[in-house]
Structures are given as C-alpha cells and as structure tokens.
Amino acid sequence: MSSICVNGPQLLPGDFSLGATIGDIVKKTRDYFDGNSQTASVTSQDSKQRDMLSEIFEIYHECKEDNWDEEGAKAISRAAFIDAIKFIEIYPNYLPLPEVVPTMSGAFDFEWDSEEARCNVELTGDGNIVYAGYFSENDRDYGTKPFKRYIPEALLDIIKRVIDE
Amino acid sequence: MNKVVASEDEVTRFIRPKEKRYVNQSGKLKTQAFSISEDGGISVFITTGMTEQKIWEHGDEHYANDKNIIIGRGYFLADNVYKLNLQFDYDDEPPRHANIISIPVDSDKNLSYRQYLAKHAKYQRRS
C-alpha cells in the first residue's frame, strides 16, 4: 500500500511522498510507478496547488480498479493520472484552479464554473485533452487536441472567459 | 410502444454519494452528474406532478441500492433535451424511467452536450 504525503500530514495509508518541487512531481511519479524509486517527497509552496495534487492522488488511488463505484465505472489509468498531474504542473499559476472529479469512463474531469459559464476538461491518458466551454444557449465551444507539453491556447481562452464571466 | 416525454415535463437525475463529485462549491450540478451509462444513454426519471416526498420514495425504490443511497437530485425541463436535438427512450421500466439517447459519441461533443444539461439543471439536496 502507498500513502501520499504532501507538505504535511499523511493523507493515505502507506509510505509515498512526492518531489522537491511541483516540477519534479511528474518525473518522480513516473519513477515510482516504474519501480525506479521507492520514495519521493514533495513540498508545494502553493497550498491550493498542493490541495489539488492531493485530490488527484486521492482520486487515482480510489479509482484505479474497474468498478470503483460499484456501478461499472472504468478504472483510471496510470497514464490519465500522469496527465492530470502534468496538467496542474503546467497550469498558469495566475488563474484560479478548477475542481476535479473522476469520470465513469475512467478519466479525470476538471471543471471551472461561473454564474453563466462553464469549462470542462477531460484527461483519459490517451494522449489527448478533451474540452468543452459553455457561455450561453448559442455560444458553446469544444475540441480535442494532443496533450504534450502545453495547454492548448484555445482551451486557455475558454478557461479565461469562464473566469471572467 | 414507449411513452412520449413532453417538453414541459420535469426530468430528474438522482444523485448518489459522494456529493462533491456531482455538486460544485456553488451548489450547482457538475457535468459529471450527467454521466453516460453502458448503453450510451443518460438514465433519468420523469417526475412531472410528483411531490418532493414521492420523488425521494420513488428513487429509493427504483434507483438506490444498499451502497448507493440518494442524497439529492438534479432536475430540468425536458425541453432542454429537445433543444439539443436529443431524444428520450421512455421505457417506463422501472416506472417513470427514461434514457436520454442519441448523444454524440465524439468525446468533445459528448462532453459539450452533458455540460449543457448540467448547466440547465437545478440541484435539490434531500432534506
């Protein structure tokens, strides 16, 4: 069993803490899952970002087996977990963080919501980032882009619009 | 022959624990509250004309189970489904049950449609 320690008390049973900086997390997470490292350690300077990473870890550990909801939900893959961590790593720190939930299809869903608008991002670990934005009855946008080292500009525009609404 | 859902009918999507997975910090339904079931549709109940108490009782009998109780519901007018050019398969099995069908399979469009439904639904926590 593993636990996650993120700059504070133990969050899950076991013994696993991540990276010296947020930027180390992806590499150390991969090392851990590849068996190249038994431990890592993380201390995020940003408490909100730390909380988000904790949430992602908690979700992954809860949802990494099929039927995690006892209603037929698909497991969240390691690749989806890595992508979710990477997304937060490269997410602009001047923008408010989203809420994150698991999906029945085995993805991470990030959601930004305002009075009138909403943005959702889904990461399944298949190498793509899927997104949708709602602004009004006749103003909706959606797309799928490869997810590599940056957040697509079209998606950032949607996120910023939702935050500004 | 399946029954017809009128545009003015009230449609209910029951919410199970954990609430924070389906309801955001502002008390509105998250998009993931409208997840697609294995058959490709969104399972709902037509609750037109039912009292609040009857709605909970109906959900307890026909939707909840020992491990997944009902903690709330999202509800909206059927017209929101028709605005998206989607359909209802009102099989009435169990009673008042229907599936929202014809949802696009493309993942981004699918996400957009579910997002629209969530944005047009209200959340009622069970008292």
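The values are calculated or read from the model by the stated rules, or taken from the named source; none is laboratory data. Computed from a predicted structure; not experimentally measured. Please note: Cβ atoms are built from the backbone with ideal geometry, for glycine as well, and neighbour counts cover all protein chains shown.
The set of residues in segment B:17-35 that are β-branched (V, I, T) and more than 7 Å from chain A (Cβ to nearest Cβ) contains only B:V23.
Here A:V101 meets the list (1) over 25 Å from B:K20 (Cβ atoms); (2) within 16 Å of the chain's Cα centre (by Cα) almost entirely, failing just condition (1). Scanning segment A:113-150 for residues that are part of a loop (DSSP other than H, G, I, E, B) and under 16 Å from the mean Cα position of the chain (by Cα), we see that the one that is surrounded by the fewest Cβ atoms within 10 Å (Cβ to Cβ) is A:R149.
When A:P96 is tested against (1) outside any helix (DSSP H, G or I); (2) out of contact with any strand residue (DSSP E or B) (no Cβ under 9 Å at 6 or more places or on another chain); (3) not hydroxyl-bearing (S, T, Y), just one condition goes unmet, and that condition is (2). Can you work out which of the residues in segment B:83-124 that are out of contact with any helix residue (DSSP H, G or I) (no Cβ under 9 Å at 6 or more places or on another chain) and within 13 Å of another protein chain (Cβ to nearest Cβ) is nearest to A:E111 (Cα to Cα)? Checked segment B:83-124; the qualifying residue nearest to A:E111 (Cα to Cα) is B:S112.
Using the structure shown, decide if B:N99 is of a type outside the set (K, R), in a helix (DSSP H, G or I) and in contact (Cβ under 8 Å) with a residue 24 or more places away in the chain. Against the criterion (of a type outside the set (K, R), in a helix (DSSP H, G or I) and in contact (Cβ under 8 Å) with a residue 24 or more places away in the chain), B:N99 does not qualify. The set of residues in segment A:46-80 being under 13 Å from the mean Cα position of the chain (by Cα), farther than 16 Å from B:S35 by Cα and either among the polar types (S, T, N, Q) or part of a loop (DSSP other than H, G, I, E, B) (or both) consists of A:Q49, A:S54, A:S77. Applying the set (1) surrounded by fewer than 17 Cβ atoms within 10 Å (Cβ to Cβ); (2) closer than 29 Å to A:E122 by Cα; (3) over 13 Å from the mean Cα position of the chain (by Cα) to B:S43 leaves exactly one unmet item: (3).
Scan segment B:48-63 and tell me whether some residue there is within 14 Å of another protein chain (Cβ to nearest Cβ), in contact (Cβ under 8 Å) with a residue 12 or more places away in the chain and among the hydrophobic types (A, V, I, L, M, F, W, C). Taking every residue of segment B:48-63 in turn, none turns out to be within 14 Å of another protein chain (Cβ to nearest Cβ), in contact (Cβ under 8 Å) with a residue 12 or more places away in the chain and among the hydrophobic types (A, V, I, L, M, F, W, C).
A count restricted to segment B:102-123 and to residues that are assigned to a strand (DSSP E or B) and surrounded by fewer than 15 Cβ atoms within 10 Å (Cβ to Cβ) stands at 1. For segment B:1-35, taking the residues that are of a type in the set (A, V, I, L, M, F, W, C) and in contact with a strand residue (DSSP E or B) (Cβ under 6 Å, 6 or more places away or on another chain), the one that is surrounded by the fewest Cβ atoms within 10 Å (Cβ to Cβ) is identified as B:V23. For first residues located in segment A:151-163 and surrounded by 14 or more Cβ atoms within 10 Å (Cβ to Cβ), partners that are of a type in the set (A, V, I, L, M, F, W, C) and part of a helix (DSSP H, G or I) and lie 6+ apart or on another chain with Cβ distances below 7 Å form the pairs A:I151/A:I90. Of the residues in segment A:136-165, how many are at the interface with chain B (Cβ under 10 Å from one of its Cβ atoms) and of a type in the set (A, V, I, L, M, F, W, C)? Final tally of qualifying residues: 0.
This table checks each residue for (1) exposed (fewer than 14 other Cβ atoms within 10 Å of the Cβ); (2) closer than 18 Å to B:T48 by Cβ; (3) under 15 Å from the mean Cα position of the chain (by Cα).
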{"position": "B:K67", "(1), (2), (3)": "yes, no, no"}
{"position": "B:L77", "(1), (2), (3)": "no, yes, yes"}
{"position": "B:F88", "(1), (2), (3)": "no, yes, yes"}
{"position": "B:D91", "(1), (2), (3)": "yes, yes, yes"}
{"position": "B:R96", "(1), (2), (3)": "no, yes, yes"}
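Taking segment B:22-74 as the range and being aromatic (F, W, Y) and modelled with pLDDT of 95 or more as the test, the residues that pass are B:F34, B:F45, B:W56.
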